[in-house]
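Participant: Following this message is one structure expressed as structure tokens.
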Amino acid sequence: MFWCLAFMLKSLNGGWPMSPPLDWLSRLLEMTPVRGQLDLRCQYGAPWRIDQDAFASGEMAYHIVLRGSALLENPEGGGPEPLEAGDILLLANGEAHTLHDGGGARAKPARSRIAANLVFSENAGKGDRLDMLCGRFVLTPPHARLLRRYLPSRLVARTGIAKASPSDQESGAELHGLMALMQAESRSDFLGGRAMLDALSTALFALTLRFASESKEAPSGLLALAGYPRLAPALDAMFHDPGHPWTLPLLAEKCSMSRATFVRLFQDKLGLSASELLTDIRMTMSANELRKTSVSTGAIAEAVGYQSEAAFQRAFKQHMGVTPARWRKSAGTKEGLA
């Protein structure tokens, strides 16, 4: 025990520098920090209906069905998406959406009350009961744009352990434990409960993405790419060392495949090329570093793999819409985050 304490103190004082390599998801969340916020616990009896307005530009909506079932209307047409207990719905675009019980009857009006650390929404319906947590994930708009490009606009993580494959069950059990803790915190007036609920919401984002990437039914985009073992070495390489002068042949070699096969598989899984993903990673890192006024533009350009500051400035302006100097000047203001 004394050795562990000494190690921690030595590390805090700058000695024994040790930092384990980050996996791609940890690296992504380090680059695009997400803050979770639990807003509401809905406890309804049928008939019920939720018409949710669109969220702000830097927000993603989420719903956790704790008990009962719901139907999510598809605004683009087609049949509604059924949700059941244990399902987590993430709407990456934060668009307006409608959830209801599916019975077709006129919904009973809901009323709100504040209890413990949360707002509860309830109605007088006597039919099948719904218990659902509703919240949002908050990012700065530039970070939200990056994630929205690579995440499905509508992700449903179905955590029912009985239906899961053995490879899904561990992450599913972790999500069940997290949901149970959120449920307990939301109904009890514990000290620090509000902070705990938001911290658990933040953890929910990472754990949901992990679960979805490990599922046999991984959605399109980055999660599908992460769930394909043959391409995992390239994904890890780009996130772990984005400043390296990666070429398509080098990335293909990492994956032990030909350049043509690598390009075809990468495009098929992600919907974008490896070069596009690498540029997005580099530009996100650059935008973050430009907030640190002590770091020169030239040093940032070199760190993210550009041979000259001029080439970096051209790429940054094309990608972000403003020059690095303009971005740095406006960082932290409403203009810079819009």
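The values are calculated or read from the model by the stated rules, or taken from the named source; none is laboratory data. These figures come from a predicted structure and were not determined experimentally. Note that we place each Cβ from the backbone using ideal geometry, even for glycine, and neighbour counts take in every protein chain shown. Please note that ligands, DNA and RNA were not included when accessible areas were found on the heavy atoms of the full protein model with its side chains. Shrake-Rupley method; radii C 1.70, N 1.55, O 1.52, S 1.80 Å.
Participant: Compare Ser273, Ser296 by solvent-accessible area with a 1.4 Å probe and give them largest first, with all protein chains kept in place.
Facilitator: Ser296, Ser273
Participant: On a 0 to 90° scale, report how tilted helix 309-320 is relative to the longest principal axis of the chain, with both axes built from alpha carbons and the result rounded to the nearest 10.
Facilitator: Helix 309-320 and the main axis of the chain meet at about 20 degrees.
Participant: Right, here's the next one. Placing +1 on the Cβ of each Lys and Arg and -1 on the Cβ of each Asp and Glu in the chain, which of Ala212, Ser286, Trp24 has its Cα farthest towards the positive end of the resulting dipole?
Facilitator: Farthest towards the positive pole: Ser286.
Participant: Rounded, prolate or oblate: which one fits region 198-263, using the alpha carbon gyration tensor with axes a ≥ b ≥ c (rounded when a/c is under 1.5, else prolate when a/b beats b/c, else oblate)?
Facilitator: In terms of gyration-tensor shape, oblate.
Participant: Follow-up question, since we're still on this one. How long are the semi-axes of the ellipsoid equivalent to region 229-290, from square roots of 5 times the Cα gyration tensor eigenvalues, in whole Å, largest first?
Facilitator: Working: eigenvalues 89, 28, 16 Å².
Result for region 229-290: semi-axes of 21, 12, 9 Å.
Participant: Compute for the chain: radius of gyration divided by Kirkwood radius, i.e. Rg/Rh, restricted to C-alpha atoms, rounded to two decimals.
Facilitator: Ratio of gyration radius to Kirkwood radius for the chain: 1.01.
Participant: To continue, here is another question. Would you tell me the accessible area of Glu122, worked out with a 1.4 angstrom probe on the heavy atoms of the protein chains, in Å² to the nearest 10?
Facilitator: 30 Å²
Participant: Within the chain, what is the longest stretch that has no trypsin sites (Lys or Arg not before Pro) placed in a DSSP loop and near at most 12 other beta-carbon atoms within 10 Å?
Facilitator: 1-105
Participant: Pairing the Cα long axis of helix 274-289 with the longest principal axis of the chain, what angle in degrees results, from 0 to 90 and rounded to the nearest 10?
Facilitator: The two axes meet at around 90 degrees.
Participant: About the Cα centre of region 213-338, how large is the charge dipole given +1 on each Lys and Arg Cβ and -1 on each Asp and Glu Cβ? Please answer in debye to the nearest 20.
Facilitator: 360 debye
Participant: In whole percent, what relative contact order does region 222-338 give with Cα contacts below 8 Å and a gap of six or more residues? Intermediate results must be reported in sequence, preceding the final value.
Facilitator: Working: 104 pairs, mean separation 24.0, N = 117.
In percent, rounded to a whole number, it is 21.
Participant: While we're looking at this one, here's another question. Calculate for the chain the 222 nm mean residue ellipticity that helices alone would give, adding -39,500 (n - 2.57) per DSSP H run of length 4 or more and normalising by residue count, nearest 500 deg cm²/dmol.
Facilitator: -13500 deg cm²/dmol
Participant: Here's something else I'd like to know. How would Ser294, Ser213 rank on accessible area, largest to smallest, probe 1.4 Å?
Facilitator: Values: Ser294 110, Ser213 20 Å².
These residues rank, largest area first, as Ser294, Ser213.
Participant: While we're on this one: If one takes the longest principal axis of the Cα atoms in the chain, at what angle in degrees, from 0 to 90 and to the nearest 10, does the Cα axis of helix 2-12 lie?
Facilitator: 70 degrees
Participant: To the nearest 10 Å², what's Ile50's accessible area with a 1.4 Å probe?
Facilitator: That residue has around 20 Å² of solvent-accessible surface.
Participant: Tell me, what HN-Hα J-couplings in whole Hz come from the Karplus equation 6.51 cos²θ - 1.76 cosθ + 1.60 at θ = phi - 60° for each residue of region 84-92, using x for Gly and Pro?
Facilitator: 9, 4, x, 7, 10, 9, 10, 10, 5
Participant: In the calculated pair distance distribution of region 63-182, what percentage of Cα-Cα distances lie above 26 Å?
Facilitator: 29 percent
Participant: Which percentage, to the nearest 5, of the DSSP beta bridges contained in the chain is antiparallel?
Facilitator: 90 percent
Participant: Taking θ as phi - 60°, what are the ³J(HN,Hα) couplings along region 116-127 by the Karplus curve (6.51, -1.76, 1.60), each to the nearest whole Hz, with x for Gly and Pro?
Facilitator: 6, 10, 8, 8, 9, 10, 9, 9, 9, x, 9, x
Participant: Can you give me the long-range amide H partners of Asp87? Hydrogens built in the peptide plane at 1.01 Å from N, cutoff under 5 Å, separation of 5 or more residues or another chain.
Facilitator: Result for Asp87 returns Val65, Thr159.
Participant: If you count only protein heavy atoms and use a 1.4 Å probe, how large is the accessible surface of Leu250, to the nearest 10 Å²?
Facilitator: Its heavy atoms expose roughly 70 Å² to the probe.
Participant: While we're on this one: Which ³J(HN,Hα) values in Hz, rounded to whole numbers, follow from the phi angles of region 136-141 under the Karplus curve 6.51 cos²θ - 1.76 cosθ + 1.60, where θ = phi - 60° and Gly and Pro get x?
Facilitator: Along region 136-141, the couplings run 8, 10, 10, 9, 6, x Hz.
Participant: Can you bin region 193-330 into rounded, prolate or oblate? Criterion: square roots of the alpha carbon gyration tensor eigenvalues sorted a ≥ b ≥ c, rounded for a/c under 1.5, prolate for a/b above b/c, oblate for the rest.
Facilitator: The shape class here is oblate.
Participant: Quick one: putting +1 on the C-beta of Lys and Arg, -1 on the C-beta of Asp and Glu, what dipole do you get for the chain around its Cα centre, in Debye to the nearest 20?
Facilitator: The calculated dipole for the chain is roughly 600 debye.
Participant: If the cut-off is 18 Å between C-alpha atoms, which aspartates and glutamates fall inside it for Lys216, apart from same-chain ones fewer than 8 positions away?
Facilitator: Asp87, Asp168, Glu170, Glu174, Asp268
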